[in-house]
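Working notes for the structure below.
The values are calculated or read from the model by the stated rules, or taken from the named source; none is laboratory data. Just so we're clear, the structure is a prediction, and the values are computed from it rather than from any experiment. Cβ placement follows ideal geometry from the backbone for every residue including glycine, while neighbour counts extend to all protein chains displayed. Quick note on the areas: whole protein, heavy atoms, side chains included, nothing else; ligands and nucleic acids left out. Shrake-Rupley method; radii C 1.70, N 1.55, O 1.52, S 1.80 Å.
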Amino acid sequence: MSAKKRGIKVLKFGGTSMGSADAMQRVIAAICSNHKDARVAAVVVSAMGGVTDQLIAIANMAAAHDPRYKKTLRELGKRHERTVRSLISRRRRSQALKEVRALLAYMERVVQGISLVRELSPATLDYVMSYGERLSAHILSEALQDRGVACEYLNARNIITTDGVFGEAAVDFPITNKRVRAHFKKHPKLQMVTGFIASSHSGKTTTLGRGGSDYSASIIASALGARTIEIWTDVSGVYTADPRKVPEAYPLHSMTYLEAIELSYFGAKVIHPPTMRPAMEKNIPIIIKNTFKPEASGTHISRSAPEDAALAKGISSAGDIAVLRIEGSGMARSRGMTGRLFNALSESDINVTLITQGSSQNSISVAVASSSAERARRVIEEEFALERVRKLINPVIVESKLAVLAVVGEGMRHKRGIAGKLFSTLGEQGVNVIAISQGSSELNISVVIREKDVTRALCAIHDSFFFPSRRVVNVFLVGTGLIGSTLLGQIAKQRKYLQEEREYIVRVLGVANAKHMIFSESGIPLVRWKRELSASRKRAELNGFIERMKLSDVPNKIFVDCTASSEVASRYADILEAGISVVTPNKKAASGPYSYYARLKKLASKPGVKFLYETNAGAALPVLSTLYDLLLNGDRVIKIEAILSGTLSYIFNTFDGSKPFSDIVREAKNKGYTEPDPRADLSGEDVARKITILAREIGVPLELKDVRLEGLVSAKAKNSPSVEASLVQLKKEDAVLEKRRAAAQRAGKRLRYIAKFEKGKASVSLQALGPEHPFYEMRGSDNVVAFTTTRYRETPLVVRGPGAGAAVTAGGVFADILRAGMK
C-alpha cells in the first residue's frame, strides 16, 4: 500500500516557532494533534531561532582567534539546557541533558580546533552548523517521548546523500530515495529528523543551503510518496505581499507550485524554490501552516489552484540589486554576443536575476546582486575588450540601489491589460521603471525600480491588483484651528460610510499645529487626536513634518494645509516635486507671485500628483470646478462678477439702516463670522486674492498688485494699535458708509462688495446694484459668482451658496481630499 493511500504526512517546523521553549510547546502540541489525526511519518526541525547565525559567528571568531567565541558558545549551551528544563520533566531530564551536553562538548572541541589552526574551511563550517539542528531534534524527540509519543531521533546525514559542494550541496536522489525508504521501512515510529543537513558520498557533513530544512522535508516526503507536506512557521500561509510592508496583505488559500516558485525567487521568504521540485515531481501538496494559529487553514500549494477575483496571486520584491547596461552600435551586427555575455557571467559564478534586451538589439540589461556588480562589470569588459577597442561597445553602465518587484499569477495570462495597469499604477505614484521583464508564459511581470520606492510601489500595486475598486488616501494635515479641527471631525464621522459603502479609506497619518506634531503609519485615532497631539513630545517644526511625510513609504499621500501661513504655502512646490498631492483652503500660494502659481500648476500636471484648492474661491461652492468644466468644453469667459466674502456678504445683507455699520461689524465678530481682527476682512485683500485666482484659472497671468482694490478700512482704523481701537475708529466713520447706503436706497439699489474681472482687468469695490442684477437679492453669508461666457452671454451662469463657516469650508477641503485620491 502506498504512503499516499495510508495518508502519510511529513511535518516541518522552523522560524520563530523554534525560537523559545514557549514556542516549542506549541510545536509539540501541533505534532501531537497531527499524530492523532493522521499517520505522521516524520517531523523535520530547524535549529532554534538564531542558532545557525550564532554558530557561524562562533566559527568565524574562532578562526580569527577571537576569544569571545567561548562566551557565545557558553551562552548557546545554557540556552539549550534551559530549554530542556522547560520542556522535559524530571523523569527524563537527566538523559536529555546528557545528550545535549555531549553534543555541545563535541562541538566545543571542533571549534577549539578551528581556533588552533586559525582556518575555517567550507566543510568545517557545514559541520559546525549541523549542531543547531542536531540539538533541536534531540530536545524535541525527548520532549515528545516524555509525553508518551513513540518517536526516534533521526540524523538526516544517515539518509540524505549529496555531492561534495559545501554550503549548498546537490542531492543525489536515487541513493537518497533508497536510503529514506529503507530507513522508514525498518523504523515505523515517528522520526524526528534534523533539517538542513546531509552527508556527501564520502560521508562528510554537508548543508542544503537557504531554506534547507523545508527542502529536507520535501526530499523525505517525495521518497515516501507522502500525501502532504506541512511547513509550520510563524505566519498563516503565503501572503499576497510582505505584510511588514503592505499592512493590507492577506494569506492566500491556494496557489500553484509555479506561482510559489516565482514569488520565492523574487523575495518571498515563506518557502524556497528547491523545496518545490521534489513535491512537484510526485504531485504532493505543500501546506503552509502557522504554529501560533493552528486553526488557520494556511496556504495549499499544488499543481493547480482555483482562480479568484484578484488580478494576480501575489507581489514580491528583492532589494539590493544593481543593473548593468551593455550598449553599443555594433552589438546587433556581432553574432553570439548574448551567449558570450551569459557564459562569462556564469563562469564567474555571478547569478543573473533579470534580463532585458532592446528590440533594436543594441542594448542588454542584466540585474545582479549589488555585491556582484563591480565584479560583473569587470568580467563583461574583459570579455568584450576587443569590441570596446573597436568602439562597437560602450563602457558598461552600472546603476545601483535598485530592487526587483514581481507581480505573479498564472491567471494573468487570461486577463487583458495587466501590464498596462501595473505601469499606470507605478506612474500615478511617481515611481520610475528602470527595466521590465515578462516571460512568454505571462506568469510574472518584473520591473526594476529604485530601492527607496519599493514599499510605496508594493502598497499601491497591492491596492490596484487585489482591491481594484478600493481607494486609500493617506493624509498629513498642518493646522488644527477651526477649519482643521472641523475637517478631522468630518473625516472621523464619515470614514465608516466611505469604507463600507464606497470602498474609500481615508487615513490621517500626521497632524501638526503651532506647538506639536504626531505621526502614525497605521493611522492616528481621530477620536483622540487632540489629546495625543497636546501630549506629544515632538515639537512642531515644518521642515521636520515635511521630511517625515516624504520618508513615509505609503502611497497616495496628501498634504493638507489648513493654515493661512505664507511659509507653509512656500513649501508646496517641494511637496509636489516629491510626488505628494496638496489640498488647501490657504490662498497664499494660488494668489501669490504668478510665477510660483504657474510652477505649482506645472508640477501638478504630473501623473498621480494633484494641487486642489477649490475652497480658495468660495468655501465649498463648486466655483473652480465649474470654471474648469466651462473651459474644458470649449467655452470662453467674457466676464466674472462675484461676491467672494461670506463675512462681507453677511455685513451688507444686514446693513439696512437699522444699525450703524460698526455695530454690525462688531456683531459679526462676536458671532465668529469675521477674522479675530475684522480689519483683515474689511481690507478687501482676501477678496482681491480670490478674484486673482479666478483670473489665473482662465489663463490670465494676473498679479495681486494689479487688482484695483477699494478697501473698507480708513488709514486711521487700519493703523489703530488694537482691534478694539480700530472698532472705535470705525464707529466714528459710520456716517461715510451710511451716506452711501442711503443714496443707494433712494435709487432703489443695495450695496454689495463686488469683485469683477473683465477685459484683462480686475477690481474689488463697493457698488450699488439694482433689482435687475443677480446679486441684488442676497441672504445670510452667501457667496455668489456669475460667469458671463460666449454660451452664457444673455443670462450668466450663477453659482450661489454659503461662503463662510468652518463646517462649509472644511467640507470643501474634505471633498478636495477625496478628489485628490480618485484614480
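What the table shows:
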read-out	value
Mean residue ellipticity (222 nm) of the chain, computed from DSSP H runs ≥ 4 via -39,500 (n - 2.57), nearest 500	-13500 deg cm²/dmol
Sparse-neighbour loop sites [trypsin sites (Lys or Arg not before Pro); the stretch 433-474; at most 15 other C-beta within 10 Å; DSSP]	470
C-alpha long axis of helix 661-670 to longest principal axis of the chain, angle in °	20
Assigned charges on the beta-carbon of Lys, Arg, Asp, Glu; the chain dipole about Cα centre (debye)	1360
Counted charge near residue 197, where neighbours are those whose Cβ lies closer than 13 Å (Asp, Glu -1; Lys, Arg +1)	0
Pairwise centroid distance, computed over Cα atoms, of the stretch 646-681 with the stretch 89-139, Å	87
Per DSSP, loop GluC sites (Glu not before Pro) in the stretch 621-729 with at most 16 further Cβ within 10 Å	703, 710
Solvent-accessible area, 1.4 Å probe, carbon plus sulfur percent, for the chain	51
Residue-wise HN-Hα coupling along the stretch 728-743, computed from phi with Karplus coefficients 6.51, -1.76, 1.60 (Hz; x: Gly, Pro)	5, 5, 4, 5, 5, 9, 4, 4, 5, 6, 5, 4, 5, 5, 5, 5
Spatial extent of the chain: Rg and Dmax, with the Cα atoms as the point set, Å	36.3, 117
For the stretch 19-145: Kirkwood Rh in Å [reciprocal of mean 1/r, alpha carbons]	15.4
Loop GluC sites (Glu not before Pro), the stretch 90-179 (other Cβ atoms within 10 Å of the site Cβ: 16 or fewer; DSSP)	119, 168
Cα centroid separation - the stretch 764-823 against the stretch 413-490, whole Å	36
Relative contact order of the stretch 461-569, pairs being alpha-carbon contacts under 8 Å that are 6 or more residues apart, as %	35
At 1.567 mPa s and 4 °C, Stokes diffusion of the stretch 195-239 via Kirkwood alpha-carbon radius, µm² per second	108
Rounded Å value of the spacing that divides the Cα centres of the stretch 141-215 and the stretch 507-554	54
Leading residue at positive end of dipole, the chain (Cβ point charges), from 280, 424, 504	280
Calculated from backbone phi, Karplus (6.51, -1.76, 1.60) coupling profile of the stretch 9-15 in Hz, x at Gly/Pro	10, 10, 10, 9, 10, x, x
Over the chain, relative contact order from alpha-carbon pairs under 8 Å, at least 6 apart, %	8
Size of charge dipole - the stretch 608-713 - debye, nearest 20, with Cβ of Lys, Arg +1 and Asp, Glu -1, no other charges	80
Accessible solvent surface per residue of the chain, calculated while the other protein chains remain in place, 1.4 angstrom probe, Å²	44
Mean separation of Cα contacts under 8 Å, 6 or more apart, over the residue count of the stretch 348-477: relative contact order %	21
Phi to ³J(HN,Hα) by Karplus 6.51 cos²θ - 1.76 cosθ + 1.60 over the stretch 351-356, Hz, x for Gly, Pro	7, 9, 7, 8, 10, 9
Environment charge of residue 605, counting only residues whose C-beta is closer than 14 Å and scoring Lys/Arg +1, Asp/Glu -1	+3
Residue (of 106, 271, 662) at the positive-pole extreme of the chain, dipole from beta-carbon charges	106
Accessible surface, 1.4 Å probe, highest first, among residues 331, 822	822, 331
